[in-house]
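Structure record follows, encoded as structure tokens.
Values quoted throughout were computed directly from the atomic coordinates according to the rules given, and no laboratory measurement underlies them. Predicted model only: the values in this text are computed from it and were never measured. Here the Cβ positions follow ideal geometry from the backbone for every residue, glycine too, while neighbour counts run over all protein chains shown.
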Amino acid sequence: MAADEPAGVAPQIRARRARLDLTTPGLLGLPLGWLVVFFLIPISIVGAYSVDALYLSIYPGAHPVTLDAWRDFLGGSEDLRLFWKSVKMSLIVSGLCVLLAYPVAYYLALSGTKRKYVLLLVLIAPFLTSYLLRVLAWKVILGSQGVVNSFLFWTGLRSPDDPVSQLLYSRFAVMLVLAYVWIPFVALPIFVSLDSLDRRLLEAASDLGASRWQAFWRVTLPLSIPGVVAAFLFVFIPTVGEFVTPSLVGGNSGYMYGNDIADLFNMSLDWETGSVLALFLLGVVAVLTAVFARFLQVRQVAAG
Amino acid sequence: MSDGQDLMERRLSREDLLKLAAVAGGAGLLAGRASTAGAAVDRLTAESGRLQVLDWVGYEVPQLYGPYLKKYPGEKPQFTFMTSESNALAKMSAGLEPDIVRPYVGYVRDFAESGFVQPWNPKLISNLKDLNPFMVKAGQYKGKQYGIPQDWGFDAILYRTDKVKPKAISWSLLLDERYAGKIAWWDDLYMLVVAGYYLGIKNPWQQTSAELKRSQKLLTSRKHVVKLFWSSETDMQNAFAAGDLWIAYAWPADWVAMKNKGLKVRYVHPKEGAISWIGMLMQGKDTPRPEHAHAFVDAWSSKQSGTWLENNYAYGHANTLARPTSKDLLRALQLTNPNALKEPNAHIDRYIPNRQEYAKRWREVKAS
């Protein structure tokens, strides 16, 4: 075959292959470099702090490498209990978000309305304002003289001397604000998975005698599960390490694992323990993501 | 070697000297005029860039360093804010290099030993002679003047007189079950010191592990009465003004702010003794602007700045010539009492040797 090729073709192919060989590392180089510089190296530094291989200059003296901070943390510390408390809060928030966002996404995707993308835009409109502003707005709503209490005073259900004070600076406030902030993130992946649903399956279910509820339960819901799982993770991962919202509306019971990490770095100057807590969180989130991705095939969300 | 020479040497690095030589040589060749070279020398030896100040929110207002702006018009310092001394140390450990930072007296030793600050040259601070000698001494560490005292005041209790009927003027007000959900604690390990005083621990600043456990247990058991742990004074003031809080661990400025909002409030020193403090301006170790830094601290030390601070923030000022306009304020700040900050009138903020254990215990109180 090579004998039939005109002279000069083989070198051209070789040159093209060489170019292709260079293209792959060229394309991958930037993201890989980014990953190394802004993820792997910082994580390694945090890892070094966690075993005291690196330490703050304000603590001079001998610093042998030690796993003490890891042992203290995993040995049933208050920090570990706080982690599970934060996981519980995040699970509730994520579940709540999915429950609230699913009907909205369902309506937008399957109701056949022509204005679904306009409505979708309305849904994500709060994202056009700053995160901080949206959280602070809840202080105005939930405060002792806020919108909710003023309404209760107006209706006579509560006296101005006795407002509902548990609304703000509480665990309830943290979960409410987090749910509000993350709902659009949840609605989007569910909308995508429902919007790409093959409508003929619903018609077939109907032809075979399924009621609307049965069609939803046996067809729509199972097919939208990858979107639901992705949505759940979208909320769970950032909220389990959240610290801004609890700092602003948390009070005495809304203190979360993320606040603990921030305090260790900023207030206690205990970067060793802070690094342990940060790496543990990273590890748990990575494992959870891998498990969900492996068994529930989140990739289907993109594939539709 | 004179102090002026010290500064000159610090400012002129080898690179600067080479530039000077080049400019001077070039100017000589081109114009032969000594004045040109002199101007170049002035330009290159002048400190450049805005003064970087790591300070507490509220202290960025120009009235507090007016003479500095007069000396360097158009060179308003650039402020970064700290929420506590630990927060400042964390920022500096992470690479922030301020020219000026303001820890309080209990942290003089921590900062001096941290390697992030250097002593001042007292001869370059003309107003130093008017500062309270006791406070000036409190800013020294190993015989060197690391801190120049400025603002001072108390950690005490602020409460609404129309809502709260105290059984006793004591730190117990911060633990009072009758006002559960209306109380604010400061988000700082000093709460353990307060608990120590309340429990009658012999030295609340150097509690043993067993004593710290007792203090922690007390705070944990009363945590449910707390509405807010405040780290930002503004947050606390907003919550207090909105009626979410009736009792708070507070500073004198909070009392003034709430009075100005028309609330019926009292600011009281508990019978166990308030905690007193003195703000210390410190100079960053490798500051490239030592002259500006000295001018800034001198401006803060002036009678003019001190009077403004007292009138507007209700904090005392180390300048003994500064006096507030209001006699009420004069009395409330005990400005005529030379021992206002000292035992037994108040417990002055001091070095805590096992600060890390205090910090750990305080975190555990919040996490519980």
Within 10 Å of the Cβ of an average residue in A:265-276, the count of other chain Cβ atoms is 5
On each of the three principal axes the extent of the alpha-carbon atoms of chain B, given in whole Å and largest first, is 85, 44, 35
Chain A, Gaussian network, Cα under 10 Å: of A:Thr113, A:Thr66, A:Thr155, the residue fluctuating most is A:Thr155
In units of 2.2 N^0.38 Å, the Cα radius of gyration of region A:92-200 is 1.33
Within region B:103-154, DSSP-loop trypsin sites (Lys or Arg not before Pro) with at most 10 other C-beta atoms within 10 Å are B:Lys142
For the table B:Lys142/B:Lys213; B:Lys91/B:Lys144; B:Lys76/B:Lys259; B:Lys91/B:Lys327; B:Lys163/B:Lys213, the rows whose alpha-carbon distance is greater than 29 Å are B:Lys142/B:Lys213; B:Lys76/B:Lys259; B:Lys91/B:Lys327; B:Lys163/B:Lys213
Filtered hits (lysines, Cα-Cα < 17 Å from B:Lys137, offset >= 8 within chain) -> B:Lys123, B:Lys129, B:Lys342
Shielding of A:54-63 by other chains, given as the mean Cβ count within 10 Å, works out to 3
Expressed as a whole-number percentage, the relative contact order of chain B with C-alpha contacts under 8 angstrom and at least six residues apart is 24
Contour minus Cα-Cα span, A:Arg158 to A:Leu67, at 0.36 nm per residue, comes to 27.3 nm
Reduced to Cα centres, the span from region A:115-162 to region B:148-169 in Å works out to 33
If each part is reduced to its alpha-carbon centroid, region B:279-314 and region A:28-78 end up apart, in Å, by 38
In debye to the nearest 20, the charge dipole size for region A:44-169, taken about the Cα centre with +1 at each Lys and Arg Cβ and -1 at each Asp and Glu Cβ, equals 820
Counted neighbours (other Cβ, 10 Å), sorted fewest up, put A:Glu203, B:Glu75 in the order A:Glu203, B:Glu75
Quick calc, the protein assembly as shown, dipole around Cα centre from Cβ unit charges on Lys, Arg (+) and Asp, Glu (-), nearest 20 debye, gives 1240
Protection proxy (average C-beta count within 10 Å per residue), highest first, orders B:328-336, B:82-90 as B:82-90, B:328-336
Rounded to 0.05, the calculated FRET efficiency for the beta carbons of B:Ala242 and A:Tyr59 at R₀ = 35 Å is 0.25
Expected sort for A:209-218, A:247-256 on mean C-beta neighbours within 10 Å, highest first, is A:247-256, A:209-218
With a Förster distance of 35 angstrom and the Cβ-Cβ distance between B:Lys165 and A:Tyr131, calculated FRET efficiency to the nearest 0.05 equals 0.25
Applying the gyration tensor rule to the Cα atoms of the protein assembly as shown (axes a ≥ b ≥ c; rounded if a/c under 1.5, else prolate if a/b exceeds b/c, else oblate), the class is oblate
Those helices of chain A passing the 20 Å axial Cα length cut-off and the mean Kyte-Doolittle cut-off of -1.0 (DSSP H runs only) are A:9-35, A:78-110, A:171-195, A:221-240, A:271-296
Checking region A:67-136 for trypsin sites (Lys or Arg not before Pro) in a loop per DSSP with at most 12 other beta-carbon atoms within 10 Å yields A:Lys114, A:Arg115
Taking a straight Cα-to-Cα line shorter than 13 Å from B:Lys165, and setting aside same-chain aspartates and glutamates fewer than 8 residues away, one finds B:Asp176, B:Glu177
The simple spin-label model distance between B:Tyr351 and A:Ile124, using points 7 Å out along Cα→Cβ, in nm, is 5.7
Between the modelled labels at A:Phe39 and A:Asp198 (7 Å from Cα along Cα→Cβ) the distance in nm is 3.4
Per the C-alpha gyration tensor (a ≥ b ≥ c, the square roots of its eigenvalues), region A:73-303 is rounded if a/c is under 1.5, else prolate if a/b beats b/c, else oblate; here it's oblate
Measuring from its Cα centre, region A:73-303 shows a charge dipole (+1 at each Lys and Arg Cβ, -1 at each Asp and Glu Cβ) which, in debye to the nearest 20, is 900
Each residue of B:194-207 has, on average, a number of other protein chain C-beta atoms within 10 Å of its C-beta equal to 0
